[in-house]
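Read the structure below first, then the notes.
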Amino acid sequence: MSLAALASGGVAPILLVFILLIGARWPALRSMGAGWVLASLLGLLLWRMDPAWWSAAVVYGALQALQIILIVFGAILLMNHLDRSGAIATIRWHFAKITEDRRVQLLLVGLGFVTLMEGVAGFGTPGALAAPLLIGLGFPPLAGAVFGLFFNVSQPPFGAAGTPVLGGVGAVIDEGVLGPEVTVAAFLDDVTAYTAIFTGITTLIWGLVSVFLLLLWFGHEKDRNLRVALRGTLPVLPIALLLGALAGLSQVVVAWFLGPELPNMAAALIVLVVGIEMVSRGILVPKKPWEFPERESWPESWRGSGTQAAVTEPKKEMLIYLAWGPYALVVLVLIFTRWPTLGIDDWLRGFTFDVDSILGQDLSFSLEYLYSPGVLPFIPVAVLSAFMYRLKARELVDIWKRSAKQLLAPALTLIVAVSMTQVIIQSATNPIDEPGMMQALSRAVAALVGRALPFVAPIIGSLGSFMTGSNTSSNILFSVLQHDAALDVGISATIVVSLQNAGGGIGNILSVLNVAAICGVTRLTGMESEILRRVLVPSLLLALFVGALGLLIVFVAPQVY
């Protein structure tokens, strides 16, 4: 068969998933299920995969999803404990008391709170919490929804304690994909490090960009122009760049030395501690606070319908240090267990759940369950927080039931998605001696874009997140394609996969699923197109910027695998 025919077969399951998600508006689970069926039929009938090998690939994919599910459950469980206890409400109250300047509030919430929520929880949590927080502070509902999404662009690649790297890239790029040149652990460490370069530079400038757009879109009617918005941005230039630099540099340093679990959490806590202290002391804070127009003059599009009933006023329900305590504890435990010279990480990795020769085939699976952030520290910290906040037994039962219910749909979706991707990858083992689906697709991409692949890689990653609503899912679908295409054109696979990961974060703010979810939380249903219209151009420009940066780096560091 020709490369074009093979590539068409390879892209067909992924294309079907996208069409069903966007065109037919099917739920993610049904869409992924349809893609799984098509991939299986193509593998068995066109690539003539041995049924035993196909079955092993299906089971292998389902097992690979377990490591992601553990992290998702731990993150959901911790978040539900904090929500039920009043910790989240207290954090909202805390932000309201720090400063009246809306520009500075946006920087602290965006660079601090959103980054922390993505690092600890991910999977749509940051926007769902940040938008009501901003609205509770007095932002127009549309502004709360837009910027709840807008800041969640450079954090998703390290979201939920590194899930897009560990459970996304790591779920599909294994020893069989890499070959003898590099180990999986070393490859994931390098992807983490190079991803942080792209996210760190983005974080440096994103606070300033966000303040400018806040003034341009939501200032007084006569001031909504480029000149006035720029003039209103200049007073916060020092603090915006300082907080952006602290967050971006923290991401880079922590990613290079400690891995993918901690960059967001460390960056967020540094920004929050330094930023809140500076603002409380009036350091680099503009002398004249900036405020929105009078509420009565807000256009109808800013208000939505029923939003006021959806968002309660900020309320202090406990001491501040108790509200922030579990987040600090998560970071401390992760640092303690990941610090390379302590040796604790090696000890934790020794506890494994192994499945050798799945269904008698040459595929094996190993889960380092104690090393999973979902098991340690998320679940223990969640349990400890129940004692800290004196939650009642009935409340705890409700929390665990709610967490299990919330886990069901994403867990099934992840199982089907990873299983589908593994069928596509493992179709390379076939009796007709043809490239597998993913191999054919990667060769076609390589032939189409050539050595300009780094420029295109973030756009591919963004497309995956736009369609699936998940940086992790985008990495599951496209990491192997990007890896193989990079090798085909003779450039660094590590940097290209890092661009895939960084692009997945950018696509998060365009995802129809994320936009719909945040509209539901803020009761802005029907305003999805208005939100997408505002975030579309900035996100596309950012994807092009990251691609250009990647193109530069890949030729500056050509020796990287």
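Counting only residues that are over 28 Å from Gly61 (Cβ atoms) and touching a residue at least 24 places away in the same chain (Cβ under 8 Å), the range 338-362 holds 2 of them.
Residue-wise test of (1) on the phi < 0 side of the Ramachandran plot; (2) small (Gly, Ala, Ser); (3) without any contact (Cβ under 8 Å) to a residue 60 or more places away in the chain; (4) not in a helix (DSSP H, G or I).
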site: Val17; (1), (2), (3), (4): yes, no, no, no
site: Gly33; (1), (2), (3), (4): yes, yes, no, no
site: Trp54; (1), (2), (3), (4): yes, no, no, no
site: Leu63; (1), (2), (3), (4): yes, no, no, no
site: Gly74; (1), (2), (3), (4): yes, yes, no, no
site: Met79; (1), (2), (3), (4): yes, no, yes, no
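When Asn471 is tested against the conditions (1) in contact with a Ser or Thr (Cβ under 7 Å, 6 or more places away or on another chain); (2) farther than 19 Å from Ala493 by Cα, the lone failure is (2).
Which of the residues spanning the range 255-266 are among the aliphatic types (A, V, I, L, M), at pLDDT below 95 and in a helix (DSSP H, G or I)? Can you show your working first?
First pass over the range 255-266, keeping only residues among the aliphatic types (A, V, I, L, M): 255, 258, 262, 265-266.
Still in the running and at pLDDT below 95: 258, 262, 265-266.
Once the filter is applied, which keeps residues that are among the aliphatic types (A, V, I, L, M), at pLDDT below 95 and in a helix (DSSP H, G or I), the range 255-266 yields Leu258, Met265, Ala266.
Cβ separations smaller than 7 Å between residues 6+ apart or across chains give the following pairs from the range 187-203 residues that are under 16 Å from Leu544 (Cα atoms) to residues that are outside any helix (DSSP H, G or I) and at pLDDT below 95: Thr199/Ser154; Thr202/Val153; Thr202/Ser154; Thr203/Ser154.
Residues in the range 183-205 that are surrounded by fewer than 24 Cβ atoms within 10 Å (Cβ to Cβ), among the hydrophobic types (A, V, I, L, M, F, W, C) and either under 17 Å from the mean Cα position of the chain (by Cα) or not in a helix (DSSP H, G or I) (or both): Leu188, Ala193, Ile197, Ile201. Scanning the range 335-351 for residues that are at pLDDT below 85, farther than 20 Å from Ser366 by Cβ and part of a helix (DSSP H, G or I) yields a total of 1. Cβ separations smaller than 9 Å between residues 6+ apart or across chains give the following pairs from the range 118-145 residues that are among the acidic types (Asp, Glu) to residues that are surrounded by fewer than 24 Cβ atoms within 10 Å (Cβ to Cβ): Glu118/Thr125.
Within the range 120-153, the set of residues being modelled with pLDDT of 90 or more and among the polar types (S, T, N, Q) is empty. When you scan the range 124-138, do you find a residue that is surrounded by 24 or more Cβ atoms within 10 Å (Cβ to Cβ), within 21 Å of the chain's Cα centre (by Cα) and polar (S, T, N, Q), even just one? No; the residues of the range 124-138 include none that is surrounded by 24 or more Cβ atoms within 10 Å (Cβ to Cβ), within 21 Å of the chain's Cα centre (by Cα) and polar (S, T, N, Q). The single condition among (1) under 25 Å from Gly170 (Cα atoms); (2) among the aliphatic types (A, V, I, L, M); (3) at pLDDT 95 or above that Leu243 does not satisfy is (1). Here Trp347, Trp302, Trp339, Trp400 are screened, and the one residue that is within 30 Å of Met527 (Cα to Cα) and aromatic (Phe, Trp, Tyr) is Trp302. When Arg394, Arg390 are checked against the criterion of being at pLDDT 90 or above, in a helix (DSSP H, G or I), out of contact with any Asp or Glu (no Cβ under 7 Å at 6 or more places or on another chain) and basic (Lys, Arg), Arg394 stands alone in meeting it.
Do you know which residues across the range 417-438 are touching a residue at least 40 places away in the same chain (Cβ under 8 Å) and over 27 Å from the mean Cα position of the chain (by Cα)? Those that are touching a residue at least 40 places away in the same chain (Cβ under 8 Å) and over 27 Å from the mean Cα position of the chain (by Cα): Ser427, Thr429, Asn430, Pro431, Ile432, Glu434, Pro435, Gly436. With the structure loaded, tell me whether Leu107 is of a type in the set (A, V, I, L, M, F, W, C) and at pLDDT 90 or above or whether it fails that test. Yes; evaluated as a whole, the condition is true for this residue. Does Phe466 satisfy the condition of being surrounded by 22 or more Cβ atoms within 10 Å (Cβ to Cβ) and within 23 Å of the chain's Cα centre (by Cα)? So Phe466 fits the description; yes.
Restricting to helices (runs of 4 or more DSSP H) lying wholly in the range 83-182: which have 2 or more residues that are out of contact with any Lys or Arg (no Cβ under 8 Å at 6 or more places or on another chain) and under 28 Å from Arg534 (Cα atoms)? Write out each step before concluding.
On the way: elements: 87-98, 102-107, 115-120, 125-137, 141-150, 159-163, 175-178.
In the range 83-182, the matching helices (runs of 4 or more DSSP H) lie at 87-98, 102-107, 115-120, 125-137, 141-150, 159-163.
Residues of the range 319-344 that are surrounded by fewer than 17 Cβ atoms within 10 Å (Cβ to Cβ) and touching a Ser or Thr at 6+ places or on another chain (Cβ under 7 Å): Ile320, Ile344. Residues that are over 24 Å from Trp302 (Cα atoms), among the β-branched types (Val, Ile, Thr) and surrounded by fewer than 21 Cβ atoms within 10 Å (Cβ to Cβ) within the range 522-556 comprise Ile553, Val556, listed in sequence order.
Return yes when Leu3 is crowded, with 22+ Cβ neighbours inside 10 Å and touching a residue at least 60 places away in the same chain (Cβ under 8 Å) and no when it is not.
No.
Could you pull out the residue among Leu453, Leu441, Leu414 that is more than 24 Å from the chain's Cα centre (by Cα), surrounded by 24 or more Cβ atoms within 10 Å (Cβ to Cβ) and within 22 Å of Gly168 (Cβ to Cβ)?
Numbers: Leu453 fails: more than 24 Å from the chain's Cα centre (by Cα); Leu414 fails: more than 24 Å from the chain's Cα centre (by Cα).
After applying the criteria, what remains is Leu441.
Pairs linking a residue in the range 165-180 that is at pLDDT 85 or above to a residue that is crowded, with 24+ Cβ neighbours inside 10 Å and not in a helix (DSSP H, G or I), with Cβ atoms under 8 Å and 6 or more positions apart or on different chains, are Val165/Pro260; Leu166/Pro260; Leu166/Glu261. When the range 482-536 is filtered for residues that are more than 28 Å from Phe218 (Cα to Cα) and aliphatic (A, V, I, L, M), the ones remaining, listed by number, are Ala485, Ala486, Leu487, Val489, Ile491, Ala493, Ile495, Val496, Val497, Leu499, Ala502.
Quick one: would you say Val172 is among the β-branched types (Val, Ile, Thr), farther than 30 Å from Ser419 by Cβ and either over 27 Å from the mean Cα position of the chain (by Cα) or crowded, with 18+ Cβ neighbours inside 10 Å (or both)?
Values: among the β-branched types (Val, Ile, Thr): yes; farther than 30 Å from Ser419 by Cβ: no; either over 27 Å from the mean Cα position of the chain (by Cα) or crowded, with 18+ Cβ neighbours inside 10 Å (or both): yes.
For Val172, the condition - among the β-branched types (Val, Ile, Thr), farther than 30 Å from Ser419 by Cβ and either over 27 Å from the mean Cα position of the chain (by Cα) or crowded, with 18+ Cβ neighbours inside 10 Å (or both) - is not met.
Quick one: is Ala502 at pLDDT 95 or above, in contact with a Ser or Thr (Cβ under 6 Å, 6 or more places away or on another chain), buried (at least 24 other Cβ atoms within 10 Å of the Cβ) and on the phi < 0 side of the Ramachandran plot? It is true that Ala502 is at pLDDT 95 or above, in contact with a Ser or Thr (Cβ under 6 Å, 6 or more places away or on another chain), buried (at least 24 other Cβ atoms within 10 Å of the Cβ) and on the phi < 0 side of the Ramachandran plot.
The values are calculated or read from the model by the stated rules, or taken from the named source; none is laboratory data. Fair warning: this is a prediction, and the values are worked out from it, not measured in the lab. Quick reminder, even Gly has a Cβ in these numbers, built from the backbone with ideal geometry, and neighbours come from all protein chains shown.
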